[in-house]
Amino acid sequence: MAKISTLELEERNEGKNLYSYQKGAIDKIFKLFDEAPDDYHLLYQLPTGGGKTVIFSEMVRQYVKHHKKKVLVMTHRIELCRQTSGMLTEFGVINKVVDSKADLSDQNDYSCFVAMVETLNNRLNDNKLDISDIGLVIIDEAHYNSFTKLFKFFSQSFILGVTATPLSSSMELPMTDNYDELIVGETIESLIENGFLARAEMFSYNVGLTSLVVGANGDYTVKSSEDLYTDNDMLSKLLQAYEERSKNKKTLIFNNGINTSLHVYDTFKRAGYPVAHLDNTNTKKERAMILKWFKKTPGAILTSVSILTTGFDEPSVESIILNRATKSLTLYYQMIGRGSRVLKDKKTFTVIDLGNNFHRFGAWGEDLDWQRIFKSPNYYLDSILSDDDLESNFRYEMPEELRAEFSNSKDVYFDIQKTYVDSIKNGESSKVVLERSIEQHAKICIENSEDVYDALALAKMLGDDIDFRIQRYTKCISKSTYNFVEWLKGEYRKKLNAYLRSNFEEVFETIYGYAPKD
């Protein structure tokens, strides 16, 4: 694909002004359309930000111009209905939105309809909409399963599904069962290299997720997520991550649960940052006001609950924080994609992951084999590591600022699992693991201190490392009830402080060969 100019990038995507890869996709789809049976089901994949709506709007324009049949565009949310209708209008396609209040007495005057799936289902079951001359059906966000129940009404129509991630939202309803073929569009990397998308600078903070529960929909339940992400330690970690990587950047924070988002709002409000909260209980007026505030406020933070994962485009977003874990590849890509829009000099955006999602799915934009995922979704899903497997590979790394406080220490890492295995082989009690960990923590504190008070102050900074070691230790001994883990964390801190007070001078002299100054 040829490099584009800044001028071309800024041009409006209207009909004849489509980019070369968009025109290529349309030609490819129409070629197949001409060759395939009338009832062919085609799936087209293109990353978020690549212009799927632009592509199928131009397709509708051309189809209506050259065919005597009509077009139906289906979406799964009312906001997407309105946005799609607006885009079609920009392309010169006169269309009608079929919502619950729509008067269909004039439907013969339209060649294109836009409808939300549930409303359309009701209208079709009531025989309120004449679909006898619908030749082309376009399904936006086709990975949602709710559309498949409508396929029976369009047995003689060419169906085109469009999605960024051709992986069904339900393992029981794989997309390969409902679509005959997948066409894969431009890759994220190609779109980045050619200036259509910004590059993600990704930072991951390891989080213990074994307390999370997977629900009937295959993803983590809201309740178990809220129990974890409303914890004070997690809220502190979120604020710390923001201040380390995204401070003063316009930021979207995605959460799993309204209560979590409200806790996040309170945390950032108390810290003095410009922040707003948005969820599906907000009225249309409130939503519009909040989004307007977010757009015009430099460094604004918007914490939300999934509502902004589709149909929301704000190019000024500079940072995305995944303050949740998800088992959904689609949701992972949708959340990060909200920050990928280019704007003026914006070439990159920041992504902070607090749900081990990078480890689960890989980096956003890496080369996924969408054809294989489409044809063998279970093979892909089975290859995703469990949380236990993910966390067994974690290694705690001190943040740069904290590591600087321990600059006199060549190595600050301590391998709990290896120490545990060695102690069992030697016939020792598992308790020696934490004793040796405390000694190592004390050593690095003393190495970087002039007196015991300095060492005690450094020990207070080791909270995340201590918690990580305790989590790893409790996995080794297979005893990880919440109360036991919390008790163990407290005991560890007490024993570390006591060890420093009792042994500071002796360890200091061992390290440096002379006694500390009084």
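The residues in the stretch 238-284 that are surrounded by 21 or more Cβ atoms within 10 Å (Cβ to Cβ), more than 14 Å from residue 304 (Cα to Cα) and small (Gly, Ala, Ser) can be counted, and the count is 1. Being under 17 Å from residue 255 (Cα atoms), of a type in the set (A, V, I, L, M), touching a residue at least 40 places away in the same chain (Cβ under 8 Å) and in a loop (DSSP other than H, G, I, E, B) is a property that does not hold for residue 302. Residues considered: 503, 483. Of these, the only one that is free of Cβ contacts under 8 Å to residues at least 24 places away in the same chain and part of a helix (DSSP H, G or I) is 483.
Hydrophobic (A, V, I, L, M, F, W, C), surrounded by fewer than 19 Cβ atoms within 10 Å (Cβ to Cβ) and either assigned by TED's automatic domain parsing to the domain that holds residue 135 or more than 30 Å from residue 339 (Cβ to Cβ) (or both): which single residue out of 78, 55 fits that description? So the residue among 78, 55 that is hydrophobic (A, V, I, L, M, F, W, C), surrounded by fewer than 19 Cβ atoms within 10 Å (Cβ to Cβ) and either assigned by TED's automatic domain parsing to the domain that holds residue 135 or more than 30 Å from residue 339 (Cβ to Cβ) (or both) is 78.
Checked against the criterion of being in contact with a Lys or Arg (Cβ under 8 Å, 6 or more places away or on another chain) and modelled with pLDDT of 90 or more, the candidates 352, 384 yield just one match: 352.
Residues are listed down the side, and each one gets a yes or a no for (1) over 20 Å from residue 209 (Cα atoms); (2) in contact with a helix residue (DSSP H, G or I) (Cβ under 8 Å, 6 or more places away or on another chain); (3) at pLDDT below 90:
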position: 409; (1), (2), (3): yes, yes, no
position: 416; (1), (2), (3): no, yes, no
position: 437; (1), (2), (3): yes, yes, no
position: 476; (1), (2), (3): no, yes, yes
position: 480; (1), (2), (3): no, yes, yes
position: 488; (1), (2), (3): no, yes, no
position: 491; (1), (2), (3): yes, no, no
position: 501; (1), (2), (3): yes, yes, no
position: 506; (1), (2), (3): yes, no, no
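Beta carbons closer than 7 Å, at least 6 apart along the sequence or on distinct chains, pair a first residue in the stretch 219-234 that is assigned by TED's automatic domain parsing to the domain that holds residue 331 and within 18 Å of residue 265 (Cα to Cα) with a second that is crowded, with 18+ Cβ neighbours inside 10 Å and among the basic types (Lys, Arg) for 225/324; 229/324. Inclusion of residue 439 among residues that are farther than 25 Å from residue 236 by Cα, in contact (Cβ under 8 Å) with a residue 40 or more places away in the chain and assigned to a helix (DSSP H, G or I) is warranted. Take residue 383 and decide whether it is without any contact (Cβ under 8 Å) to a residue 60 or more places away in the chain and in the same structural domain as residue 211 (by TED's automatic domain parsing). In short, yes. For the stretch 202-216, which residues satisfy the criterion of being within 26 Å of residue 172 (Cα to Cα) and in contact (Cβ under 8 Å) with a residue 12 or more places away in the chain? Across the stretch 202-216, the qualifying residues are 209, 210, 211, 212, 214.
When the stretch 331-370 is limited to residues that are out of contact with any strand residue (DSSP E or B) (no Cβ under 6 Å at 6 or more places or on another chain) and part of a helix (DSSP H, G or I), the one that is surrounded by the fewest Cβ atoms within 10 Å (Cβ to Cβ) turns out to be 359. Could you go through the stretch 58-74 and let me know if any residue there is modelled with pLDDT under 90, of a type in the set (A, V, I, L, M) and over 23 Å from residue 106 (Cβ atoms). No, there is no match, as no residue in the stretch 58-74 is modelled with pLDDT under 90, of a type in the set (A, V, I, L, M) and over 23 Å from residue 106 (Cβ atoms).
Rundown of residues vs (1) of a type outside the set (A, V, I, L, M, F, W, C); (2) in the same structural domain as residue 478 (by TED's automatic domain parsing); (3) surrounded by fewer than 18 Cβ atoms within 10 Å (Cβ to Cβ); (4) touching a Phe, Trp or Tyr at 6+ places or on another chain (Cβ under 6 Å), yes/no style:
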position: 404; (1), (2), (3), (4): no, yes, yes, no
position: 410; (1), (2), (3), (4): yes, yes, yes, no
position: 416; (1), (2), (3), (4): no, yes, no, yes
position: 425; (1), (2), (3), (4): yes, yes, yes, no
position: 429; (1), (2), (3), (4): yes, yes, yes, no
position: 436; (1), (2), (3), (4): yes, yes, yes, no
position: 446; (1), (2), (3), (4): no, yes, no, yes
position: 449; (1), (2), (3), (4): yes, yes, no, no
position: 453; (1), (2), (3), (4): yes, yes, yes, no
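Of all residues in the stretch 241-256 being free of Cβ contacts under 8 Å to residues at least 60 places away in the same chain and not basic (Lys, Arg), which is farthest from residue 355 (Cα to Cα)? Only one residue fits best here, namely 248. Screening the stretch 137-233 for strands (runs of 3 or more DSSP E) wholly inside it with 1 or more residues that are within 21 Å of residue 313 (Cβ to Cβ) returns the ranges 158-163, 199-204. Taking the stated definitions as given, is residue 313 in the same structural domain as residue 351 (by TED's automatic domain parsing), in contact (Cβ under 8 Å) with a residue 24 or more places away in the chain, among the charged types (D, E, K, R) and under 22 Å from residue 346 (Cβ atoms)? Yes; evaluated as a whole, the condition is true for this residue.
If you check residue 289 against the conditions, is it part of a helix (DSSP H, G or I), surrounded by 20 or more Cβ atoms within 10 Å (Cβ to Cβ) and assigned by TED's automatic domain parsing to the domain that holds residue 269? Judged against the criteria, residue 289 is not a match.
The values are calculated or read from the model by the stated rules, or taken from the named source; none is laboratory data. Keep in mind that this is a model prediction, so the values were computed, not measured. Virtual Cβ from ideal backbone geometry, glycine too; neighbours counted across all protein chains shown.
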